[in-house]
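Visitor: Pasting in a structure now, in structure tokens, and then I'll have a few things to ask.
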Amino acid sequence: MFLICYTLLNAVFYTANNIAYSALTALVTKNSAERVEMGSYRFMFAFATSLAIQSVTLLAVSALGDTAEAWRTVAIVYAMIGLIVNTLSVFSVKELPEEEFVDTTDKRNRERREVRSCRSCQAAGSNKYYLMICVTYILQQIYGAMISMGTYYTAHILGDKNLFGVFSWAINIPLIIALVFTPTLVAKMHGMYKLNVAAMPLLP
């Protein structure tokens, strides 16, 4: 049951939500600098929220009795908060009209939009950039799974589950700080690609 719920949550519902959510930056502005800033703000709040959840969850569960029911209650609270936040995003963000991005009166543009699903899949399978993104996303999911094991590691290996909050701060704070400077660095390096190339030697 857990495997089914986890798969539906991450492979189906999260994908459906995140594809639309991630596409917003490209549909609300044509300014590349604004897109970079929006992406940075998005991930800053994402990491900050992750940090808050990882720091508070164990304390909340312990306060509610440290039982299965306590975990369920905390999960329901998080689900309600997520529903409210996503609903605000849906109703407060206005996309630019399609005419701003493509000439819908052009026959060739209409034909491109009518490409069949099978042809799209074939094109994706032969597109090296799509495959690179796919591999990167899989690695991100593995990274996320490893981070989720932090609760087990701090509780049963280090012997103190409260260390999970410190563990979370050590991971998320550097990411948030880096995102603060990302728009400025992208502008100075004249593009995200050049910034990524320049940052590669800094990776461990």
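Bear in mind that the values in this text are calculations on the coordinates, not laboratory data. Every value quoted in this text rests on a predicted model; they were computed, and no experiment measured them.
Visitor: Taking a cut-off of 25 Å between Cα atoms, list the lysines near Lys128, but don't count ones fewer than 8 places away on the same chain.
Guide: Within reach: Lys194.
Visitor: In vacuo Debye scattering of the range 38-80, one point per C-alpha: log10 I(q)/I(0) at q = 0.21, 0.33 Å⁻¹?
Guide: With one equal scatterer per Cα and no solvent, log10 I(q)/I(0) is -0.68, -1.06.
Visitor: Among the lysines, select those whose C-alpha is under 17 Å from the C-alpha of Lys94, and discard any that sit fewer than 8 residues away in the same chain.
Guide: List returned: Lys30.
Visitor: Stretch Met200-Ala11 to full length: gain in nm at 0.36 nm per residue minus the Cα-Cα span?
Guide: Difference between extended and current length: 65.0 nm.
Visitor: Something else now. Jot down the radius of gyration and Dmax of the range 1-87, Cα atoms only, both in angstrom.
Guide: Final numbers for Rg and Dmax: 16.2, 51 Å.
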